[in-house]
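Data first, discussion second: the structure below is written as structure tokens.
The values are calculated or read from the model by the stated rules, or taken from the named source; none is laboratory data. In this text the structure is predicted, and so the values were computed from the model without any measurement. Every residue, glycine among them, receives a Cβ derived from its backbone with ideal geometry; neighbour counts consider all protein chains shown. These accessible areas exclude ligands, DNA and RNA; they are computed on the full protein's heavy atoms, side chains included. Shrake-Rupley method; radii C 1.70, N 1.55, O 1.52, S 1.80 Å.
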Amino acid sequence: MAAVSVTTPAANFDPLARLYRALEYLAFGGDLERARFCLLDHLAGRRSILILGEGDGRCLARLLPLAPEARIHCLDASPAMLARAGARIANTAAQSRVTFECADVLTSVFPAGRYDAVITLFFLDCFDPTQTADLVSRISAALQPGAGWLFADFTVPEHGLARLRARAWLALLYAFFRWQTGLRTRALPPSEELIQQAGFRRAASQDFQWGLLRSSWFVSGSTTN
Ligand SMILES: C[S@@+](CC[C@H](N)C(=O)[O-])C[C@H]1O[C@@H](n2cnc3c(N)ncnc32)[C@H](O)[C@@H]1O
């Protein structure tokens, strides 16, 4: 009998696509946006960029003028999110540099050594530690030597009230996303540790919201940019 491979379907973010931006501003003001973009300049000059879990296209729209030579592969499992991303850059000359792919990243195959940068913004928190470890390993294999990794996500501070606050927010957020999208993950994976174990070094980092949000720029090998 043939082996049957069972994969968990990706969470469905379609119902949130229209309201996503308003909801994040209600919860965190402009801090998610600040976390997304405070280190974006590191991508200037990159030529082949993979954006995973792009969402509604805000990162893509900022990135296109910043990296005018770059070809950008933009993957997301939500058709509604990708439709918004596509609409955001429609009628610009830069849209010809973008390839949209609607797919589950857990079953996507990435060509070895294709990209010189990857962007994961509030994305790796959708996965459990095993899935994240597998993803980080497959993403790393798709990157060239000296590649950069722009990462932003929620984190839990080590101590004090900031830690309690972060845990309360995360419990609320995971419950909300489980209800709205069917997301099965219930806790943050150790994404930054996994990225570092894969051979990346944190070259820059910024925290927001008393340590609840973190943006980091990682580089592979000995590159300093
Ligand atoms: C929390 S949103 C983050 C969106 C955006 N990057 C941001 O900064 O707000 C997570 C995004 O990842 C996508 N996503 C979740 N699970 C996925 C999967 N397994 N494969 C591909 N995309 C997925 C969702 O459709 C959604 O657009």
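See the values below:
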| quantity | calculated |
| --- | --- |
| Under Karplus coefficients 6.51, -1.76 and 1.60, residue-wise ³J(HN,Hα) of segment 78-93 in Hz, glycine/proline x | 9, x, 5, 5, 5, 4, 5, 5, x, 5, 5, 10, 4, 6, 10, 4 |
| Pairwise centroid distance, computed over Cα atoms, of segment 131-204 with segment 67-104, Å | 23 |
| Karplus-derived 3J(HN,Hα), 6.51/-1.76/1.60, for each residue of segment 122-138, Hz, glycine and proline x | 6, 10, 5, 6, 7, 10, 7, x, 5, 4, 5, 4, 5, 4, 4, 5, 6 |
| Most mobile listed residue (A187, A93, A11) in the chain, GNM with C-alpha springs under 10 Å | A93 |
| Shape category assigned to segment 149-189 from the gyration tensor of Cα positions, a/c cut at 1.5 | oblate |
| Relative contact order (%) - criterion: Cα under 8 Å, at least six apart; region: segment 14-220 | 23 |
| Volume of the Cα convex hull of segment 1-135, divided per residue and given in Å³ | 137 |
| Order by protection proxy (mean Cβ within 10 Å, highest first), peptides 81-88, 105-112 | 81-88, 105-112 |
| With every protein chain in place, segment 68-218: carbon and sulfur % of accessible area (1.4 Å) | 55 |
| Calculated FRET efficiency for the pair L106/D41, C-beta based, R₀ 22 Å, to 0.05 | 0.10 |
| Cα gyration tensor shape of the chain, rounded if a/c is under 1.5, else prolate or oblate by comparing a/b with b/c | rounded |
| For segment 14-220, accessible area per residue (1.4 Å probe, heavy atoms of protein chains only), Å² | 45 |
| Residue-span extension gain [A187 to A162] - 0.36 nm each, minus C-alpha spacing | 7.3 nm |
| Expected 222 nm ellipticity per residue - DSSP helices of 4 or more, -39500 (n - 2.57), all of the chain, to 500 | -10500 deg cm²/dmol |
| Extension gain from T130 to W179, taking 0.36 nm per residue of separation minus the Cα-Cα distance | 15.4 nm |
| Assigned charges on the beta-carbon of Lys, Arg, Asp, Glu; segment 14-220 dipole about Cα centre (debye) | 220 |
| Full-stretch length increase - D31, R88 - with 0.36 nm per residue and alpha-carbon distance subtracted | 18.4 nm |
| Share antiparallel - DSSP beta bridges, the chain, percent rounded to 5 | 45 |
